[in-house]
1. Is segment 118-125 home to any residue that is among the charged types (D, E, K, R) and assigned by TED's automatic domain parsing to the domain that holds R316?
2. Answer yes or no as to whether I132 is under 20 Å from S232 (Cβ atoms), touching a residue at least 12 places away in the same chain (Cβ under 8 Å) and within 23 Å of the chain's Cα centre (by Cα).
3. Collect the residues in segment 249-263 that are assigned to a loop (DSSP other than H, G, I, E, B) and either more than 18 Å from V353 (Cα to Cα) or touching a residue at least 60 places away in the same chain (Cβ under 8 Å) (or both), keeping them in residue-number order.
4. Suppose the filter is more than 19 Å from A92 (Cα to Cα) and not basic (K, R); does P346 pass it?
5. Can you tell me which residue within segment 1-12, out of those that are assigned to a helix (DSSP H, G or I) and modelled with pLDDT under 90, is farthest from S46 (Cα to Cα)?
6. If you check E377, E386, which single one turns out to be surrounded by 14 or more Cβ atoms within 10 Å (Cβ to Cβ) and either more than 30 Å from S284 (Cα to Cα) or not assigned by TED's automatic domain parsing to the domain that holds E64 (or both)?
7. Please specify each residue of segment 392-436 satisfying the condition of being among the acidic types (D, E) and surrounded by 13 or more Cβ atoms within 10 Å (Cβ to Cβ).
8. Keeping to segment 401-420, report how many residues are without any contact (Cβ under 8 Å) to a residue 12 or more places away in the chain and part of a helix (DSSP H, G or I).
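The values are calculated or read from the model by the stated rules, or taken from the named source; none is laboratory data. Keep in mind that what you see is a predicted model, and the values were worked out from it rather than measured. Don't worry about glycine lacking a Cβ; one is built from the backbone with ideal geometry, like all the others, and counts go over all protein chains shown.
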Amino acid sequence: MDPSPLRGLPNMNSLLEHPLLRREERGRVKVAAQKLLDKLRSEVLSGRLDRVPSAEDCALLVLEELKRKGKPSLRGVVNATGIVLHTNLGRAPLGQELYDLAREVYSGYSSLEYDIETGTRGSRYAHVEGLICALTGAEAAMVVNNNAAAVFLMLTALAEGKQVAISRGELVEIGGSFRIPDIMARSGASLTEVGTTNRTRLPDYEAAVHRGAELLMKVHTSNYEIVGFTESVSVAELAALARREGKPLLYDMGSCFLFDPKLPWLPECKTARAGIEAGADVISFSGDKLLGSAQAGILAGRRELLEAMKKHPLSRMLRPDKLTLQALEAALAIYQYPEEAMKRIPVLRMLSVPQEELLDRAAALVLKLSDLRPDWEILVRKIMDETGGGALPNVSLPGYAAGIVPRGRSVEALEEELRRSDVPVIGRLHRGELLLSVRTLLPGDEERIASAIAGLPD
């Protein structure tokens, strides 16, 4: 084979010593350069390459590859979608304050299972159990790595080999094909369906108990609502039946608040304390949704039932790590003071920010971006934001955004360019515009957006 077509390719040495690459780590340059040279040789020999790139071009390609590989796959982004609990973007942001409180635990050793007062082995649940009990009114509590795990542990530890009565309208499926009937089957519990999809009454549960049901379960339909000709049984009504029959009532709340934030667009507020006060023997709920902390599943309720779950072999498999516990403890400590929590927990702050403030922030963002791109159409848009995360279905939040129509590129191309910027900016396309909602922007995000747009080619 005639090697002459390959003679124009730079050799490895010329790339390693190239001025553009001298400051880069030599081992990384060698790997990236070898990959590039192999690709170019293949394209030259197959006739797919019209022009052999120069050493300068190759050095730039190696630099681009090093930059691409230097970026972690999991990294921070700017959430300008207006979806507060965006499942794909990590749900609840901790914010700088909660991160700073947890940084000491993140970076070194910790008292995870060590009692500093006695100098003996401690329980990892002790860091948060007292706070959870104080905030919910429960006798005991524990934490696992998410609410799906909490439901599975609750059923496995308390209902294995037993019949559990649950309304057909509450046999939900959430993200990742997590289905209540499947989880119940894998836990060893036996499902007893009561009522119909749209209407379930108290006598339906009573009949199930008389047929042998040993536990009652209620599941909040976090991702959907059944409307129209409907009827359901409240937690308080189920709890009264459970007490009369001597059966435990389990209540998967999905996502809930720890106090009523009194949001004008939310007529009814579901709190963990309300679940306990209504008579549920055990409740479960997420730590990374409306609570606004780290991903966790929280279980709270009667002491003997919690002890049974703590002693179950599954609890070790599902236990949270030190980072989760520290972030959760920091958030729960703030929750002791509701007025402070509304300002210091990012999710609560985003859900409760006044309309006037959102409008002012959107106008300021539009002005900032218009200065950078005076030939673009950039206007304040009134929009509807979302809570997201399967927390409050069919509840929209009135908000404001910067609506952008660029010149010299399509709005789809702009969305992709911002998404691929050094700090990815994630917005949403709507009716020919790219909308950047200000509700979900964290401190400094406006500057990050401006930097991303300023860095785009004309």
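1. Yes, because at least one residue in segment 118-125 is among the charged types (D, E, K, R) and assigned by TED's automatic domain parsing to the domain that holds R316.
2. When the stated conditions are applied, I132 does not pass them.
3. S255, C256, L258, F259, P261, L263
4. So P346 does not fit the description; no.
5. Step one: of segment 1-12, the residues assigned to a helix (DSSP H, G or I) are 4-6, 12.
Adding the requirement that they be modelled with pLDDT under 90 leaves 4-6.
On the way: S4: 13, P5: 11, L6: 11 Å.
Among them, the one singled out is S4.
6. One residue alone meets the criteria, E386.
7. Residues satisfying the conditions are E415, E417, E433.
8. Number of matching residues: 3.
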